[in-house]
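Please read the structure below before turning to the comments.
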Amino acid sequence: MKRSITVGFAGLIMLGGASTGSAAHAAYTAQTAHNAKTADVYRNYADLAAHETEGEDYRRVWRLPKEALPKKVKVAHIAIHGGAIEAPTTQLAGHAAGRRHAFYSFEGVKPSGNGDLHLTSTHFDEPRARKLVASVDYTVSWHGAAGTKATTYVGGRDTKLAKKIATALRAAGFTVAASASEELDADSPANIANRNRRGMGVQLELSRGQREQFFARGDLSRAWIEDPAHRTRAFYRYVAAVNSALS
């Protein structure tokens, strides 16, 4: 049975059952590379939902700023490969959204095999995400990429905002590289990042090496990253740089 839970300032909503418990939190599956050459296990969200159990294998989480009307929310930070699929994109998108912007995350919460829940951005059609993104003008889609070198690949059809974010990240001391593949370019109109009111968004692909800098010990296990006390200064500096380009 599906259950909605509302928590905190922005009406945090989680669809699904109760938490999977400490076993799921303690277990961690190695990061699945965002690789366009590797076919997804499922064709789309409906296919995934027919084979995986919400609340046990995955969950959907979103929020709007408190008392905000959808038409007045201009920015959405989304993490469609959140949880243990591409850690810690849920935490990055959630903190970036803060109290001003909309937030959405599709989270893998399985004890193992969360890579099976990966839906390529152009195939990601989960209804709540589509509705939320369609209601805003600007989208920042947070992803994890492979690679030990700390690097961010900035893509998306909103080239003006992408350039501003890249400039802000470099100014904050982070490395930004040219997109390494068509998938990282994120210029397809079908990409969830580009399905907002303006038809253009930004996709951030953070290498594993970059993401490891955001948490003490470089630990990206679910149990560790879900505790804000384990975040490093780099985590907050990075998010602040991205948001500075949106101000």
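The values are calculated or read from the model by the stated rules, or taken from the named source; none is laboratory data. As the structure is a prediction and not an experimental result, all values here were calculated from the model. In this analysis, Cβ positions are derived from the backbone assuming ideal geometry, glycine residues included, and neighbour counts consider all displayed protein chains. Surface areas here come from the heavy atoms of the whole protein model, side chains and all, with no ligands, DNA or RNA. Shrake-Rupley method; radii C 1.70, N 1.55, O 1.52, S 1.80 Å.
The table that follows gives values for the structure above.
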| quantity | calculated |
| --- | --- |
| Integer Hz, Karplus 6.51/-1.76/1.60 couplings in order for the stretch 149-162, x for Gly and Pro | 7, 5, 8, 10, 9, 10, x, x, 6, 7, 5, 5, 5, 4 |
| Filtered trypsin sites (Lys or Arg not before Pro), the stretch 104-190: DSSP coil and at most 11 other beta carbons within 10 Å | LYS149 |
| Inter-label distance, nm, simple model (7 Å from Cα along the C-beta direction), ALA146/ARG237 | 2.9 |
| ASP158 accessible area, 1.4 Å probe, all protein chains in place, Å² to nearest 10 | 10 |
| Segment ARG198-ALA50, length gained on full extension (0.36 nm per residue, minus Cα span) | 50.1 nm |
| Contour excess over end-to-end distance, with Cα ends at ALA171 and ALA190 and 0.36 nm allotted per residue | 3.7 nm |
| When the stretch 68-171 is reduced to its Cα atoms, the Kirkwood hydrodynamic radius in Å | 14.6 |
| Paired Rg and Dmax values of the stretch 114-181, which use every Cα atom, in angstrom | 14.0, 37 |
| Cβ charges +1 (Lys, Arg) and -1 (Asp, Glu), total dipole of the stretch 126-201, debye | 320 |
| Only Lys, Arg (+1) and Asp, Glu (-1) charged, at Cβ; the stretch 102-163 dipole about Cα centre in debye | 200 |
| Total charge dipole magnitude, the stretch 115-247, about the Cα centre, Cβ charges on Lys, Arg, Asp, Glu only, Debye to nearest 20 | 520 |
| Within straight-line cross-link reach of LYS72, aspartates and glutamates at Cα separation under 16 Å, skipping those fewer than 8 residues along the same chain | ASP137 |
| GluC sites (Glu not before Pro) restricted to the stretch 53-110 and DSSP loop, no more than 10 other C-beta within 10 Å | GLU67 |
| Distribution of pairwise C-alpha distances over the stretch 146-247, 10 Å bins, in % | 16, 42, 33, 9, 0 |
| Antiparallel bridges, percent of DSSP beta bridges restricted to the stretch 90-247 (to nearest 5) | 40 |
